[in-house]
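The values are calculated or read from the model by the stated rules, or taken from the named source; none is laboratory data. Fair warning: this is a prediction, and the values are worked out from it, not measured in the lab. Here the Cβ positions follow ideal geometry from the backbone for every residue, glycine too, while neighbour counts run over all protein chains shown.
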Amino acid sequence: MSETQLNGAEIILKALADQGVEVVFGYPGGAVLPIYDALFKQNRIRHVLVRHEQGAVHMAEGYARSTGKVGVVLVTSGPGATNAVTGLTDALMDSIPIVCLTGQVPTHLIGNDAFQEADTTGITRQCTKHNYLVKEPDRLARTIHEAFVVAGTGRPGPVVIDLPKDILMGKAPYVPAARVKHRSYKPQLKGDIKQIEQAVELMGKAERPIFYIGGGVVNSGPDAAKLLTSFVRSTGFPITSTLMGLGAYPASDQQFLGMLGMHGTYEANLAMHGCDLMICIGARFDDRVTGRLDAFAPNSKKIHVDIDPSSINKNVPVDIGIVGDVAHVIEDMIRVWKAKQVRPAQKALAAWWGQIDQWKGRNSLAYKATDTIIKPQYAIQRLYEATKDRDTYITTEVGQHQMWAAQFYKFEEPNRWMTSGGLGTMGYGFPSALGVQVAHPESLVIDIAGEASFMMNLQEMGTATQYNLPVKVFILNNQYMGMVRQWQELLHGSRYSESYCEALPDFVKLADSFGWMGLTVDKPANLDDAIRAMIESDKPVLLDVHVDPSENCYPMIPSGAAHNEMLMNSEDTAGTQVSDQGMMLV
Amino acid sequence: MSVLMAQQDIRTHTIAVLVDNEAGVLARVIGLFSGRGYNIESLTVAEVDAAEHLSRITLVTSGTPMVIEQIKAQLGRLVPVRKVSDLTVEGPSVSRELALIKVVGGGEKRIESLRIADIFRANVVDSSHDSFVFEIVGKTEKLDAFIKLMEPLGLAEISRTGVAAIARGNTAL
Ligand SMILES: Cc1cc2nc3c(=O)[nH]c(=O)nc-3n(C[C@H](O)[C@H](O)[C@H](O)COP(=O)(O)OP(=O)(O)OC[C@H]3O[C@@H](n4cnc5c(N)ncnc54)[C@H](O)[C@@H]3O)c2cc1C
Ligand SMILES: Cc1ncc(C[n+]2csc(CCOP(=O)(O)OP(=O)(O)O)c2C)c(N)n1
Ligand SMILES: [Mg+2]
């Protein structure tokens, strides 16, 4: 008996539905018209029409990061695929699970410079976790199922499936997901128990320990964050988080020292510098975190838990490198910790906390508020106060506002904070917020934006209007590419070359033209009312907050410096000489 | 990294990689090396199991111990990679390379090249009145030495296969 044959486009939709996909972010074109036709004929999977393919990938990223599911993108061949490249690279750097379907010219034309042909698998090979070119209709269903496994498991990442048009129209039987097994891809979830025991032993002896956690905890899922929180509490150790890990441990908790790294708190960075045991969980020793490597936590033993063996010993050699999934490894750690009845070195720990409290006393995030001009930090504090008791998701663009958001907005749970960390993609935050809103239609979703970044993907305002996605864009408008200006001040004698934002639009009118609500505010006294109006509107809102254009983001570890060489304020900065080596760093 | 690297010694390693023989797999491996700035001193690839669609890539690369570990971990995370084995550290192994070497000229030099070829157990696989093509098999260093000796004797062209290597004893990848 022959199995029922479907055409390629139907197979794709069936496979997506089998994978539990509810929504696809996409943009049509000649090479994917058969898929759009199949979409038209069904109503199981929603399609969100974006305005630019980069926006589609960032939306899928926001959707994925806020739900833990795989985000799905559909774009056409050639320019559709190349427009998606920035988003794919972003997802690769931040370990976000994405499946991106790209159209392709029919197989017999591949390599002929056909109309809208691009070597998509060639172009995206280095910016995806994996990619496929499907050359037989028979392979289609299998490839899609496999792509979801690769994207969503292990260290998550983007996967591209390139689909020649003849494959979309060819016929083949459908293969359900359960029948697909991969031959070589098997991420390791359980950690080595011997190493876990050694790690726990070190924790029992540590006098100045610190947990350094990252995005891997979020990747591992909400259980990982719960397990981690309970374990950290039972140790009584201080804990800091990377930009990507914010929310994996509740920010309001006593043991939390705030973010570490280039714009991290004084106490987090000095505790990293002075620790005798570092327990790194799901973080990757990024250069923004370590500062100068030869001065990084010089007198410490290091434990590193990571699902990707290539993250271990990449930048920083560690004493115990445990390959495994955060939730699995911590579960074992808790078990061993209890079984061995570990009692941390209480006296030493008390002294360590004494030292940390002293560092906290520096109040490193302090800024000078005024009642004449809105300080950006103040704006985020007020936004936090106004939204903390609501069901809120925050995304950001890239720049100073992003760092202030990380410093001043307190996240109590994972998956509430979406930001572009690894690639630092301006224009990420707004489409990402739309993706979050699609996943959580009743929630409050806010993009904390810089005016320059918002300009990079503002075309998606139309998408928000079309699908009634009431996102809020909270622009900290300093009329500068503030982060660039800050570096020019520090490194290039305050020569503000091309970092001033000329010819900005009237954001209120812009909002108006898309059917949004537009608001502007420039007095501290009016800020709370503006924020309230923004939150209470059931429309998308653009709130243009005019902030102090000269404010800089502190503390700051300048490039090439160590954790204990932080700049605390502009007076510190004035006398700073960055080394030649530091000048070369990004 | 540079500071750490300078303090450690750089060594040459031969790495065997078993991969699913699918489109683009070689490009992935090469792209990994160029994208991350690793050296490739030699690379060979061929299908070794047609039924299972498996190919074996043999790579010779060099780096500090930390970099070599990175290379292996990075190779291991490529989706079509089945196994990665560092033949340099995982026990004794044999490695061989084959070269075809063309030497052009006559007279004394021609005779001398033939004499040296004999010492190196190189075979003559083609000859004309004023040229030889030698085939030589052996370790990379042996080939290097032979080529060096041919230089003054009319060396005209070299084609080398790159290194193939395998562990000694009864273990299999
Ligand atoms: C302007 C700007 C300034 C920045 N300043 C800072 C700063 O001051 N401080 C800061 O921290 N960052 C900063 N960043 C972000 C920085 O560039 C990096 O993106 C970030 O530090 C990386 O976070 P992470 O180490 O948590 O790694 P991620 O990129 O989140 O990687 C996660 C790690 O966890 C592993 N992993 C994934 N899933 C699992 C699992 N299930 N189990 C175990 N492990 C898993 C992965 O293999 C990976 O190694 C800044 C970025 C920008 C754009
Ligand atoms: C696509 C892209 N181009 C350039 C940069 C470099 N860059 C980093 S921050 C920044 C300025 C951001 O300005 P704005 O969005 O206004 O934020 P602010 O720093 O002023 O808060 C630039 C240009 C980048 N990160 N991304
Ligand atoms: Mg700005």
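In the stretch A:495-520, what count of residues is obtained for those that are surrounded by fewer than 18 Cβ atoms within 10 Å (Cβ to Cβ), small (Gly, Ala, Ser) and away from ligand 2 (no atom under 16 Å from the Cβ)?
Selection size over the stretch A:495-520: 2.
Pull up the stretch A:419-437, narrow it to residues that are under 18 Å from A:Ala84 (Cβ atoms) and either within 14 Å of another protein chain (Cβ to nearest Cβ) or aliphatic (A, V, I, L, M) (or both), then point me to the one that is farthest from ligand 3 (Cβ to nearest atom).
Looking at residues that are under 18 Å from A:Ala84 (Cβ atoms) and either within 14 Å of another protein chain (Cβ to nearest Cβ) or aliphatic (A, V, I, L, M) (or both), I get A:Leu434.
If only one of A:Ala533, A:Ala525, A:Ala561, A:Ala574 is surrounded by fewer than 17 Cβ atoms within 10 Å (Cβ to Cβ) and either free of Cβ contacts under 8 Å to residues at least 12 places away in the same chain or touching a Ser or Thr at 6+ places or on another chain (Cβ under 9 Å) (or both), which one is it?
A:Ala574
Cβ-Cβ below 8 Å, separation at least six or inter-chain, first residue in the stretch A:451-465 and more than 14 Å from every other protein chain (Cβ to nearest Cβ) and farther than 15 Å from A:Val541 by Cα, second away from ligand 1 (no atom under 16 Å from the Cβ) and of a type in the set (S, T, N, Q): which pairs?
Pairs found: A:Asn457/A:Gln54.
Output the residues belonging to the stretch A:247-301 that are outside any loop (DSSP other than H, G, I, E, B), of a type outside the set (Ser, Thr, Tyr), within 14 Å of chain B (Cβ to nearest Cβ) and within 14 Å of ligand 1 (Cβ to nearest atom).
Once the filter is applied, which keeps residues that are outside any loop (DSSP other than H, G, I, E, B), of a type outside the set (Ser, Thr, Tyr), within 14 Å of chain B (Cβ to nearest Cβ) and within 14 Å of ligand 1 (Cβ to nearest atom), the stretch A:247-301 yields only A:Asp287.
For the stretch B:92-173, give me every one of the strands (runs of 3 or more DSSP E) that falls completely inside it and has 1 or more residues that are within 21 Å of B:Ile40 (Cα to Cα).
B:93-104, B:131-138, B:155-160, B:164-167
With within 17 Å of A:Ser184 (Cβ to Cβ) and away from chain B (no Cβ under 11 Å) as the only criterion, which of A:His145, A:His130 stands out?
Among A:His145, A:His130, only A:His145 is within 17 Å of A:Ser184 (Cβ to Cβ) and away from chain B (no Cβ under 11 Å).
Could you please give the count of residues in the stretch A:443-486 that are touching a helix residue (DSSP H, G or I) at 6+ places or on another chain (Cβ under 9 Å) and over 13 Å from A:Val50 (Cα atoms)?
Of the residues in that region, 30 qualify.
Within the stretch B:132-164, which residues are out of contact with any Lys or Arg (no Cβ under 8 Å at 6 or more places or on another chain) and in contact (Cβ under 8 Å) with a residue 40 or more places away in the chain?
Passing the criteria: B:Thr140, B:Phe146, B:Ile147, B:Met150, B:Ser159, B:Arg160, B:Thr161, B:Gly162.
Could we say that A:Ala199 is assigned to a helix (DSSP H, G or I) and within 13 Å of chain B (Cβ to nearest Cβ) here?
no
Just to be sure before I move on: is A:Gln486 at positive phi and within 11 Å of ligand 2 (Cβ to nearest atom) in the structure I sent?
It is false that A:Gln486 is at positive phi and within 11 Å of ligand 2 (Cβ to nearest atom).
Of these, A:Ala172, A:Ala177, which one is away from every other protein chain (no Cβ under 14 Å) and modelled with pLDDT under 95?
Matching residue, one of A:Ala172, A:Ala177: A:Ala177.
Being more than 9 Å from ligand 1 (Cβ to nearest atom), closer than 22 Å to B:Thr64 by Cβ and either in contact with a helix residue (DSSP H, G or I) (Cβ under 7 Å, 6 or more places away or on another chain) or within 14 Å of chain B (Cβ to nearest Cβ) (or both) is true for just one of A:Val323, A:Val318. Which residue is that?
Result of the check over A:Val323, A:Val318: A:Val318.
Is it true that some residue in the stretch A:218-225 is among the acidic types (Asp, Glu), more than 14 Å from chain B (Cβ to nearest Cβ) and under 20 Å from A:Ile193 (Cβ atoms)?
Yes.
Just to be sure I understand the filter: pairs with C-beta atoms under 6 Å, separated by 6 or more residues or on different chains, first member in the stretch A:251-262 and on the phi > 0 side of the Ramachandran plot, second member within 14 Å of ligand 1 (Cβ to nearest atom) and in a loop (DSSP other than H, G, I, E, B). Which pairs pass?
A:Gly258/A:Thr265
When A:Val473 is evaluated against the numbered criteria (1) of a type outside the set (Phe, Trp, Tyr); (2) at pLDDT below 95; (3) crowded, with 24+ Cβ neighbours inside 10 Å, which criterion, by number, is the only one it fails?
Going through (1) of a type outside the set (Phe, Trp, Tyr); (2) at pLDDT below 95; (3) crowded, with 24+ Cβ neighbours inside 10 Å one by one, A:Val473 breaks only (2).
Which of the residues that make up the stretch A:438-460 are closer than 16 Å to A:Ala56 by Cα, away from ligand 3 (no atom under 16 Å from the Cβ) and surrounded by 24 or more Cβ atoms within 10 Å (Cβ to Cβ)?
The answer is A:Val438, A:Glu460.
I'd like to check something: does the stretch B:63-78 contain any residue that is part of a loop (DSSP other than H, G, I, E, B), away from chain A (no Cβ under 14 Å) and not acidic (Asp, Glu)?
No, the stretch B:63-78 has no match at all.
Given the structure, is A:Gly575 small (Gly, Ala, Ser) and touching a helix residue (DSSP H, G or I) at 6+ places or on another chain (Cβ under 8 Å)?
Judged against the criteria, A:Gly575 is not a match.
Is there a residue being without any contact (Cβ under 8 Å) to a residue 12 or more places away in the chain and within 16 Å of ligand 3 (Cβ to nearest atom) anywhere in the stretch A:478-492?
Among the residues of the stretch A:478-492, at least one is without any contact (Cβ under 8 Å) to a residue 12 or more places away in the chain and within 16 Å of ligand 3 (Cβ to nearest atom), which makes the answer yes.
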